[in-house]
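Here's the structure we're looking at; comments come further down.
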Amino acid sequence: METVTEPRSRRRMSGAERREQLIRISRTLFAEKGFDGTSIEEIAATAQVSKPVVYEHFGGKEGLYAVVVDREMQKLLGMITEALSAAHSLVKLERAALALLRYIEESSEGFRILVRDSHAASGTGTFASLISEIASQVEDVLADEFAARGYDPKLAPMYAQMLVGMVALTGQWWLDVRKPSREEVAAHLVNLAWNGLTALDPNPSLTVSLRDRVASAKPRTVSEKELRELEKAREKELKEAEKARQRELKEAEKARIRELKERERLLKEAEKAREREEKLRQREARLAERAARLEQVDHPE
């Protein structure tokens, strides 16, 4: 009788490997279908394991979802925190905007999970709480800028929410359209946030894009020292530009004051002219009245 040899089974995954596999599979399913649209059966079937294996590692779908959300939040927070370590406030803003867009580009599934309507299983891992955490870091940056520019630092928390909310909602929009490039989107975001509507740059560019161009133009890897020197040079340029802007504002204010004084002088002259005309009119009226009386005396009825 011929002996049938059973095919050698695939290598058995370790517990850690199985856990990572389940997280990876559920991440894709949660991004595509959401928490409610994804079942333990589907996760287990995709991983080719039984449902008890999923329960053994995570206690259920809620536990698995919480792990996925927490990982994505920590990843994005780490990228934003690193971006905010730059020295100049403008560079911080540029890096933070780029970090969010890079996360969206490289971790689209994770971002889709974060921006979905949060489920109770996510605990504190909601997109709103993530925005609040990022805003609390941006708040410190804005408080320093406000104090340096004579604004009330107490307003920094409100402005931080505005700024982070603007960037986050733009990121949600860009998640689907993906045009223009993330560098261009970041440049326009920073343009609006830094310059405001009244001083928009028609062709904005990023400080970091200059650094990237320098790096790509050289066949060797640019050292951190060179990047720091480039950043210092850019910061110096920004400070000089800020000084020039302040000088322009002062000159504009002086010109406005001169204009107001000239306008006031012209108004006074016009008022004096009106007074002279009124006096002349009154004088002519008196002369006419006197002439009428004399006429009555010379030619009585």
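Structure notes:
- In this view, the solvent-accessible surface of Phe127, computed with a 1.4 Å probe and all protein chains in place, comes to about 40 Å².
- Inter-probe distance in nm under a simple model that places probes 7 Å from Cα toward Cβ, at Asp201 and Glu42: 4.5
- Measuring only protein heavy atoms, the 1.4 Å probe finds Ile257 accessible over about 70 Å².
- Relative to one another, the C-alpha centroids of region 131-154 and region 24-48 are positioned 40 Å apart.
- Solvent-free Debye scattering, log10 I(q)/I(0), computed from the Cα coordinates of region 231-301 at q = 0.11, 0.14, 0.15, 0.16 Å⁻¹: -0.60, -0.71, -0.75, -0.77
- Label sites at Ala16 and Glu289, each approximated as a point 7 angstrom past Cα along Cα to Cβ, lie 11.1 nm apart.
- Taking every Cα-Cα distance in region 74-119 and sorting them into 5 Å bins starting at zero, the pair-distance distribution P(r) comes out as 5, 24, 26, 20, 14, 8, 3, 1 percent.
- Solvent exposure, largest accessible area first (probe 1.4 Å, DNA, RNA and ligands not counted), of Asp176, Asp36, Asp70: Asp36, Asp176, Asp70
- In Å, descending, principal axis extents of the Cα set of region 43-185: 63, 33, 24
- Using a probe of 1.4 angstrom and keeping all protein chains present, the accessible surface of region 42-90 works out to 45 square angstrom per residue.
- Percent breakdown of C-alpha pair distances by 10 Å bin, ordered from the shortest bin, for region 144-212: 18, 41, 34, 7, 0
- Neighbours of Met79 by Cβ distance under 14 Å: Lys/Arg scored +1, Asp/Glu scored -1, total 0.
- Mean separation of Cα contacts under 8 Å, 6 or more apart, over the residue count of region 10-60: relative contact order %: 32
- Cα-based reach from Lys268 at 17 Å (exclusive), listing aspartates and glutamates while leaving out same-chain residues under 8 positions away: Glu259, Glu277, Glu278
- Net charge contributed by nearby residues that have their C-beta within less than 15 Å of Glu264 (K/R +1, D/E -1): +3
- Rolling a 1.4 Å probe over the protein heavy atoms of region 21-107, with every protein chain left in place, gives an accessible area that is 48 percent carbon and sulfur.
- Listed residues Thr38, Thr28, Thr198 arranged by accessible area, highest first, probe 1.4 Å: Thr198, Thr28, Thr38
- The calculated FRET efficiency for the pair Glu237 and Phe146, based on their C-beta separation and a Förster distance of 35 Å, comes to about 0.95.
- For His57, the accessible area of its heavy atoms, probed at 1.4 Å with every protein chain present, is near 50 square angstrom.
- Label-point separation in nm, Glu82 to Met158, each point 7 Å along Cα→Cβ: 3.5
The values are calculated or read from the model by the stated rules, or taken from the named source; none is laboratory data. Because the structure is predicted, anything quoted here is derived from the model rather than measured. FYI the Cβ positions are ideal-geometry reconstructions off the backbone, even for glycines, and counts take in every protein chain you see. Just so you know, the surface numbers come from the protein's heavy atoms only, side chains and all, with ligands and any DNA or RNA stripped out. Shrake-Rupley method; radii C 1.70, N 1.55, O 1.52, S 1.80 Å.
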